[in-house]
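The values are calculated or read from the model by the stated rules, or taken from the named source; none is laboratory data. A quick note: this is a predicted structure, and the numbers were derived from the prediction, not measured. Neighbour counts are summed over all protein chains in view; Cβ atoms, including those assigned to glycine, are modelled from backbone coordinates with ideal geometry. The protein model used for the area step is the full one, side chains on, heavy atoms only, and it has no ligands, DNA or RNA in it. Shrake-Rupley method; radii C 1.70, N 1.55, O 1.52, S 1.80 Å.
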Amino acid sequence: MLIATINSSIVLIALPDIFNGIGINPLDPAKTSYLLWMIMGFLIVTAVLVVSFGRLGDMYGRARMYNLGFLIFTVSSILLAVTWMTGDAAALWLIGWRVVQGIGGAFLMANSSAILTDAFPTNQRGLALGINGVAAVAGSFLGLVVGGVLAPINWHWIFLVSVPFGVIGTIWAYVKLHDTSKRHRARMDWGGNITFAIGLIAVMVAITYGLQPYGGHSMGWTSPFVLTALIGGLVVLGVFAWIEQRVENPLFNLKLFRIRVYMLGNIANLMASLGRGGLQFILIIWLQGIWLPQHGYSYEQTPLWAGIYMLPMTVGFLIAAPLSGLLSDRRGAAFFTTGGMIITALTFFLLTELPVNFPYPMFAALLVVNGVGMGMFTSPNRAEVMSALPGNARGAGAGMTATFQNSAMVLSIGIFFSLIIAGLSQTLPTAMSTGLTAHGVPADAANQLAQLPAVAVLFAAFLGYNPIQHLLGNSLGSLPPDQASFLTGHSFFPSLVTQPFADGLHIAFWFAIIASLIAAAASWFGRPRSGKVGVAEPVVGEQAIPAAS
């Protein structure tokens, strides 16, 4: 799980070096789709496939499916590392094998929780799943640092670094891992698989392309393609739900949602993922586009240092997740899940009170507490949800939970980016036009640059480019040297976007606050009536859910 999540985030920080290495400008409007698919492709594939692969684990053996995922993940890592092409061919090769790598990751994510639930008694599952959760979240932040260190040396290394671990892990898994659960053979629900995949892919693609400008709009939410994909995807998902209620062995066993603990636990997990999913991107942009340049870091250095300055959140999570898992095994989950999300909501509120150019010790302290809140929630929630499932549905149930979580991550990125872009689009054009004109840029050129989509400015900061240097390009040569130096220096762009960014940031954080509080409420009302994790509700048990075979 650690190596899978490292690979999901290591690419984010290495994107400038990857695109520079293959000779593509990702901010060219014709190439932006490459950038979006490099960011979102892995998440989309895992969101779509985890539930199907969890179902396969129930049918053919969870360890077998897990091992297959490890093998696919390792082979795709090797093929990514040996990329020799340049230009569009290289971009398509990388995106294609990232998708395959996502397939391997989906096998791992779908079956790891079920394997652990099978292997550990109920009074130890919180700790076991907590350690697994620590690996998952720690990997997503460690990937930022590892990518920032390796990519400037050679971008191929960011894929190569996981190969030795993948090879050893694949061999170890095949030798040591054995299924301890009964297999439940059944016919595959092809209608459900096909409609679910088509519907969810359409919705995820719509979210991805909704972030691109369309016509004279700063985003693509009015694009006929985006609207068709979004509405069509939701209609197909409606057909999927209709099919699932009528087939003998459904992909999504909707009867599992009759288990109150499972249903409300998943709602809590969905809302928590919505609240925190886009947070990583927003904080990185905040650091890279504003705070780090204001404190003397060059734009080229900001991707690495953003990852380093985000580490306090990982520290908080590393402390809280296994500890809350251990304590919830003894004292019940409700205090930790509900309390953790309330703490998380409080940190989001305090982040809205920070000035954009904040004192770092205060920011770091909030990140630690935010990580503690998320860690308190994650382990007990996962243990509670998995323990509520009957033994013959753990693979499919874990896959359904992972689907909600991964889909929420993609949706959250779309929501957070949209809110930030909406905030920037309101005030950035006027601020940019006025600022550029005041420092010698001709009015026509300044107005033209000010009308460029805000997403271009946002992605430039995210990728570690100097945004103003990128926007002005060759025009810088016609300006007086002192003005050109000031415009591309450490203070002009951050001061330009501070207020517009703050407006969007506050809206995004309030969305996260509301999502976190809903997760807290769902956790409280979804607690087992006995108050203990792993104690099934008396009305619903394995006999109440039809066996898969």
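So which residues in the stretch 472-483 are in contact (Cβ under 8 Å) with a residue 12 or more places away in the chain and part of a helix (DSSP H, G or I), if there are any at all?
To start, the set of residues in the stretch 472-483 that are in contact (Cβ under 8 Å) with a residue 12 or more places away in the chain comprises 472, 475-476, 479-480, 483.
Across the stretch 472-483, the qualifying residues are Leu472, Ser475, Leu476, Gln483.
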Study note, to complete from the structure: Result of the Cβ filter at 6 Å on the stretch 368-385, keeping first residues that are closer than 15 Å to Leu264 by Cβ and partners that are modelled with pLDDT under 90 and of a type in the set (Gly, Ala, Ser), at least 6 apart or interchain, is Pro380/Gly126; Pro380/Ser324; Pro380/Ser328; Pro380/Ala333; Ala383/Gly126; Glu384/Ala333
Exercise for review: Select from the stretch 191-211 the residues that are surrounded by fewer than 19 Cβ atoms within 10 Å (Cβ to Cβ) and in contact with a Gly (Cβ under 9 Å, 6 or more places away or on another chain) and write down the one among them that is farthest from Leu251 (Cα to Cα).
Suggested key: Ile201
Practice item. Would you be able to say whether some residue in the stretch 84-103 is within 30 Å of Gly373 (Cβ to Cβ) and touching a helix residue (DSSP H, G or I) at 6+ places or on another chain (Cβ under 8 Å)? Key: yes
Check your understanding: Which pairs do you get when a residue that is open to solvent by 50 Å² or more (accessible area, probe 1.4 Å), found in the stretch 321-344, comes within reach of a residue that is of a type outside the set (S, T, N, Q), reach meaning Cβ atoms under 6 angstrom, with the pair 6+ apart or on two chains?
Key -> Leu326/Leu127; Ile342/Ala520; Ile343/Gly373
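Take the residues of the stretch 239-271 that are free of Cβ contacts under 8 Å to residues at least 24 places away in the same chain and farther than 30 Å from Phe336 by Cα: which is least open to solvent (accessible area, probe 1.4 Å)? Show your work before the answer.
At the first step, the residues of the stretch 239-271 found to be free of Cβ contacts under 8 Å to residues at least 24 places away in the same chain are 241-242, 245-246, 254, 257.
Add one more test, that the residue is farther than 30 Å from Phe336 by Cα, and what stays is 241-242, 245-246.
Values: Ala241: 37, Trp242: 142, Gln245: 130, Arg246: 143 Å².
Once the filter is applied, the top-ranked residue is Ala241.
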Study note, to complete from the structure: A careful count of residues in the stretch 212-229 that are over 30 Å from Ala450 (Cβ atoms) and open to solvent by 30 Å² or more (accessible area, probe 1.4 Å) gives 1
**Study point:** Given (1) aliphatic (A, V, I, L, M); (2) touching a helix residue (DSSP H, G or I) at 6+ places or on another chain (Cβ under 6 Å); (3) open to solvent by 10 Å² or more (accessible area, probe 1.4 Å); (4) at pLDDT 90 or above, index of the condition Val75 fails
**Key:** (2)
Check your understanding: In the stretch 449-478, which residue that is in contact with a Ser or Thr (Cβ under 9 Å, 6 or more places away or on another chain) and among the polar types (S, T, N, Q) is nearest to Gly307 (Cα to Cα)?
Key -> Asn466
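Do you know which of the residues in the stretch 17-37 that are open to solvent by less than 10 Å² (accessible area, probe 1.4 Å) and among the hydrophobic types (A, V, I, L, M, F, W, C) is farthest from the chain's Cα centre (by Cα)?
Initially, the stretch 17-37 is screened for residues open to solvent by less than 10 Å² (accessible area, probe 1.4 Å), giving 18-19, 22, 26, 35-36.
Okay, now just the ones that are also among the hydrophobic types (A, V, I, L, M, F, W, C), so 18-19, 22, 35-36.
On the way: Ile18: 20, Phe19: 21, Ile22: 25, Leu35: 15, Leu36: 13 Å.
Per the stated criteria, the residue is Ile22.
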Check your understanding: Of the residues that make up the stretch 341-350, is at least one touching a helix residue (DSSP H, G or I) at 6+ places or on another chain (Cβ under 6 Å), among the hydroxyl-bearing types (Ser, Thr, Tyr) and at pLDDT 90 or above?
Key -> yes
Review point. Exactly one of (1) modelled with pLDDT of 90 or more; (2) part of a loop (DSSP other than H, G, I, E, B) is unmet by Thr337. Its number?
Key: (2)
**Study point:** Boolean, Thr498 is surrounded by fewer than 16 Cβ atoms within 10 Å (Cβ to Cβ) and either under 32 Å from the mean Cα position of the chain (by Cα) or among the polar types (S, T, N, Q) (or both)
**Key:** no
Review point. Condition test on Asn406, is it open to solvent by less than 10 Å² (accessible area, probe 1.4 Å) and within 23 Å of Met263 (Cβ to Cβ)?
Key: no
Review point. If you go through the stretch 291-310, how many residues are surrounded by fewer than 18 Cβ atoms within 10 Å (Cβ to Cβ) and hydrophobic (A, V, I, L, M, F, W, C)?
Key: 1
Point to revise | Total residues in the stretch 345-359, condition part of a helix (DSSP H, G or I) and either touching a residue at least 60 places away in the same chain (Cβ under 8 Å) or under 16 Å from Ala320 (Cα atoms) (or both) | key: 6
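Would you mind finding the one in Val145, Val149, Val137 that is open to solvent by 20 Å² or more (accessible area, probe 1.4 Å), within 22 Å of the chain's Cα centre (by Cα), of a type in the set (A, V, I, L, M, F, W, C) and within 23 Å of Met65 (Cα to Cα)?
The unique qualifying residue is Val137.
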Practice item. Output the qualifying pairs, or none if there are none: Cβ atoms under 8 angstrom, residues six or more apart or on different chains, first residue in the stretch 106-130 and surrounded by fewer than 23 Cβ atoms within 10 Å (Cβ to Cβ), second residue polar (S, T, N, Q) and modelled with pLDDT of 85 or more. Key: none
Practice item. Report yes if some residue within the stretch 208-224 is over 26 Å from Ala515 (Cα atoms), more than 22 Å from the chain's Cα centre (by Cα) and part of a helix (DSSP H, G or I); otherwise report no. Key: yes
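Specify which of the listed residues (Gly440, Gly473, Gly464, Gly435) is at positive phi, buried (at least 18 other Cβ atoms within 10 Å of the Cβ) and out of contact with any strand residue (DSSP E or B) (no Cβ under 9 Å at 6 or more places or on another chain). Break it down into steps so the answer makes sense when it comes.
Details: Gly440 fails: buried (at least 18 other Cβ atoms within 10 Å of the Cβ); Gly473 fails: buried (at least 18 other Cβ atoms within 10 Å of the Cβ); Gly435 fails: at positive phi.
That would be Gly464, the only listed residue that is at positive phi, buried (at least 18 other Cβ atoms within 10 Å of the Cβ) and out of contact with any strand residue (DSSP E or B) (no Cβ under 9 Å at 6 or more places or on another chain).
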Check your understanding: Scanning for something under 29 Å from Gln101 (Cα atoms) and touching a residue at least 40 places away in the same chain (Cβ under 8 Å), does the stretch 222-235 turn up at least one residue?
Key -> no
Exercise for review: Report, ordered by the first and then the second residue, all pairs with beta carbons closer than 8 Å, sequence separation of six or more or different chains, a first member in the stretch 156-172 that is among the acidic types (Asp, Glu), and a second member that is part of a helix (DSSP H, G or I).
Suggested key: none
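Can you work out which of the residues in the stretch 54-70 that are of a type in the set (D, E, K, R) and open to solvent by less than 10 Å² (accessible area, probe 1.4 Å) is nearest to Val99 (Cα to Cα)?
The initial filter retains those residues of the stretch 54-70 that are of a type in the set (D, E, K, R), namely 55, 58, 62, 64.
Then keep just the ones that are open to solvent by less than 10 Å² (accessible area, probe 1.4 Å); that gives 58, 62.
Working: Asp58: 24, Arg62: 22 Å.
Per the criteria, the residue is Arg62.
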Check your understanding: Given the conditions (1) closer than 29 Å to Gln301 by Cα; (2) surrounded by fewer than 24 Cβ atoms within 10 Å (Cβ to Cβ); (3) touching a residue at least 24 places away in the same chain (Cβ under 8 Å); (4) under 29 Å from the mean Cα position of the chain (by Cα), and given that Leu452 satisfies all but one, which numbered condition is not satisfied?
Key -> (3)
